[in-house]
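The values are calculated or read from the model by the stated rules, or taken from the named source; none is laboratory data. These numbers were taken from a predicted model, which means no experiment stands behind them. Please note: Cβ atoms are built from the backbone with ideal geometry, for glycine as well, and neighbour counts cover all protein chains shown.
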Amino acid sequence: MQTVLGAGGPIGGELVRELYRGFTHDIRLVGRNPAKTHDTDQLVSADLTDAEATARAVEGSQTAYLTAGLPMDSQLWERQFPAMMRNVIDACAKYGTKLVFFDNTYMYAGTTAPQTESTAFEPNGRKGRVRARIATMLLDAMNAGSIDAVICRAPEFYGPGKTKSLTNSLVFDRIKAGKRPLVPVSAKTARSLIWTPDAGRAMALIGNTPDAFGQTWHLPVDTQRPTYAEMIRVAGQVTGRRVKYSVLPLAFFRIGGRFVGQLEEVGELLPRYRGDNIFDTSKFTARFPDFTVTRHQEGITRLLG
């Protein structure tokens, strides 16, 4: 049994499909209101902030994948993510279940220095501090030998379906709706973006590779690292129309954040849009050389074609 905790999100959904395609049909989907992707899926409704419910959801699983997400709300993250991680660690330790944790890069400093698996945690905001805390909780449990786990870390998403990110919501969703895309901070800096189906495929692969455990892995991205200007140019080619864009400067977010909570929540991420964002995935490429990464031209074509 392989169990996906947070199966209703964009990463969880892609992961479920890839596990079924390539590894097992014995899959349990866990969420507040889970829905089947395949006829053979087992459904368990659980709130991961509830220790007993989490234990019931994990029991009987060989491997559990923690992909649960939360809305961009600092208070909510501070209240729920540490409890979720503690409950999942305890449940996996109790039942001898392997854990695969899908992580993000909020805990990294927003500089132009390349990010590797050994990059120090230097969060510059509340959400980043929460992500550093829960990743450290898991690393401590791994180092203590109480759990067999692996961390799969990914940068910003873009992709089909319900994928939520600044890039999807401000750029690609607006292009699909015939609106002018809005570029955060700069259209000329290199972006490291992960195609959500690639994230699901890579996570399933790592979760079914025994010697990958006990480590942190950066999941694969398009190493061409396009700028927003380049991505929007490709979008114009795909849609057959000239796509003009507007750049939202830092001041827009700073001033707007005083009045709009969502803009304030985005604030701590903005430094990584000001300069090149280099998410190094060479470790994954060396270990899994046959993995095919979706290039941004293909991803954009699939989104907008």
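Residues of the stretch 26-48 being part of a strand (DSSP E or B) and either in contact with a helix residue (DSSP H, G or I) (Cβ under 6 Å, 6 or more places away or on another chain) or farther than 24 Å from residue 208 by Cβ (or both), which ones? Spell out the reasoning first.
Initially, the stretch 26-48 is screened for residues part of a strand (DSSP E or B), giving 27-31, 42-45.
Within the stretch 26-48, 27, 30, 44, 45 qualify.
What single numbered condition from (1) in a helix (DSSP H, G or I); (2) within 20 Å of the chain's Cα centre (by Cα); (3) surrounded by fewer than 15 Cβ atoms within 10 Å (Cβ to Cβ) fails to hold for residue 214?
Among (1) in a helix (DSSP H, G or I); (2) within 20 Å of the chain's Cα centre (by Cα); (3) surrounded by fewer than 15 Cβ atoms within 10 Å (Cβ to Cβ), residue 214 violates only (1).
Show the residue pairs that are 6+ apart or on different chains and have beta-carbon atoms under 6 Å apart, the first residue being within the stretch 191-205 and within 19 Å of residue 270 (Cβ to Cβ), the second being assigned to a strand (DSSP E or B).
Taking only residues 6 or more apart or on different chains, the pairs are 192/279; 193/156; 193/158.
Okay, residues lined up against (1) farther than 17 Å from residue 117 by Cβ; (2) out of contact with any Ser or Thr (no Cβ under 8 Å at 6 or more places or on another chain); (3) not small (Gly, Ala, Ser):
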{"residue": "179", "(1), (2), (3)": "yes, yes, yes"}
{"residue": "183", "(1), (2), (3)": "yes, no, yes"}
{"residue": "191", "(1), (2), (3)": "yes, no, yes"}
{"residue": "194", "(1), (2), (3)": "no, yes, yes"}
{"residue": "206", "(1), (2), (3)": "no, yes, yes"}
{"residue": "209", "(1), (2), (3)": "no, yes, yes"}
{"residue": "214", "(1), (2), (3)": "no, yes, no"}
{"residue": "219", "(1), (2), (3)": "no, no, yes"}
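What is the number of the single condition among (1) under 24 Å from residue 178 (Cα atoms); (2) within 18 Å of the chain's Cα centre (by Cα) that residue 272 does not meet?
(1)
Counting only residues that are part of a helix (DSSP H, G or I), polar (S, T, N, Q) and at pLDDT 95 or above, how many does the stretch 132-188 have?
Looking only at that region, the number is 2.
Which one of 257, 305, 267 is in contact with a helix residue (DSSP H, G or I) (Cβ under 8 Å, 6 or more places away or on another chain), over 24 Å from residue 107 (Cβ atoms) and modelled with pLDDT under 90?
305
Please determine, by comparing only the residues of the stretch 116-131 that are in a helix (DSSP H, G or I) and of a type outside the set (Gly, Ala, Ser), which one is nearest to the chain's Cα centre (by Cα).
Quick first cut of the stretch 116-131, residues in a helix (DSSP H, G or I) only: 126-131.
If we keep only those that are of a type outside the set (Gly, Ala, Ser) too, we end up with 126-127, 129-131.
Working: 126: 18, 127: 14, 129: 17, 130: 15, 131: 12 Å.
Here the answer is 131.
Only one residue in 280, 211 is of a type in the set (D, E, K, R), over 24 Å from residue 173 (Cα atoms) and in contact (Cβ under 8 Å) with a residue 40 or more places away in the chain. Which one? Spell out how you get there, then give the answer.
Details: 211 fails: in contact (Cβ under 8 Å) with a residue 40 or more places away in the chain.
When all the criteria are applied, what remains is 280.
Taking helices (runs of 4 or more DSSP H) that fall entirely within the stretch 228-305, which contain at least 1 residues that are more than 23 Å from residue 189 (Cβ to Cβ)?
Working: elements: 228-239, 250-256, 261-266, 271-274, 282-287, 296-304.
Here the list reads 228-239, 261-266, 282-287, 296-304.
Against the conditions (1) touching a residue at least 60 places away in the same chain (Cβ under 8 Å); (2) buried (at least 21 other Cβ atoms within 10 Å of the Cβ); (3) closer than 21 Å to residue 76 by Cα, where does residue 134 fall short? Just the number, please.
Evaluating residue 134 over (1) touching a residue at least 60 places away in the same chain (Cβ under 8 Å); (2) buried (at least 21 other Cβ atoms within 10 Å of the Cβ); (3) closer than 21 Å to residue 76 by Cα leaves (1) as the failure.
Could you give me the residue pairs with C-beta distances under 8 Å whose first residue belongs to the stretch 154-170 and is within 16 Å of residue 305 (Cβ to Cβ), whose second residue is charged (D, E, K, R) wherever it lies, and which are 6+ apart or on separate chains?
159/14; 160/302
Could you look through the stretch 167-206, keep only residues that are of a type in the set (Gly, Ala, Ser) and crowded, with 23+ Cβ neighbours inside 10 Å, and pick out the one that is nearest to the chain's Cα centre (by Cα)?
As a first pass, look at the stretch 167-206 and keep what is of a type in the set (Gly, Ala, Ser): 169, 177-178, 186-187, 190, 192, 199-200, 202, 204.
Now drop any that are not crowded, with 23+ Cβ neighbours inside 10 Å, which leaves 192, 199-200, 202, 204.
Details: 192: 12, 199: 8, 200: 9, 202: 12, 204: 14 Å.
Of everything passing the filter in the stretch 167-206, 199 is nearest to the chain's Cα centre (by Cα).
Going residue by residue through the stretch 228-235, is there one that turns out to be buried (at least 17 other Cβ atoms within 10 Å of the Cβ), touching a Pro at 6+ places or on another chain (Cβ under 7 Å) and touching a residue at least 24 places away in the same chain (Cβ under 8 Å)? Give the steps one after another, and end with the answer.
Applying the first criterion (buried (at least 17 other Cβ atoms within 10 Å of the Cβ)) to the stretch 228-235 yields 228, 230-232, 234-235.
Among the residues that remain, those that are also touching a Pro at 6+ places or on another chain (Cβ under 7 Å) are: 232.
With touching a residue at least 24 places away in the same chain (Cβ under 8 Å) added as a condition, the list becomes 232.
Scanning the stretch 228-235 turns up at least one residue that is buried (at least 17 other Cβ atoms within 10 Å of the Cβ), touching a Pro at 6+ places or on another chain (Cβ under 7 Å) and touching a residue at least 24 places away in the same chain (Cβ under 8 Å).
What are the residues in the stretch 49-73 that are assigned to a helix (DSSP H, G or I), out of contact with any strand residue (DSSP E or B) (no Cβ under 6 Å at 6 or more places or on another chain) and either surrounded by 23 or more Cβ atoms within 10 Å (Cβ to Cβ) or at pLDDT below 95 (or both), if any?
The one that is assigned to a helix (DSSP H, G or I), out of contact with any strand residue (DSSP E or B) (no Cβ under 6 Å at 6 or more places or on another chain) and either surrounded by 23 or more Cβ atoms within 10 Å (Cβ to Cβ) or at pLDDT below 95 (or both): 54.
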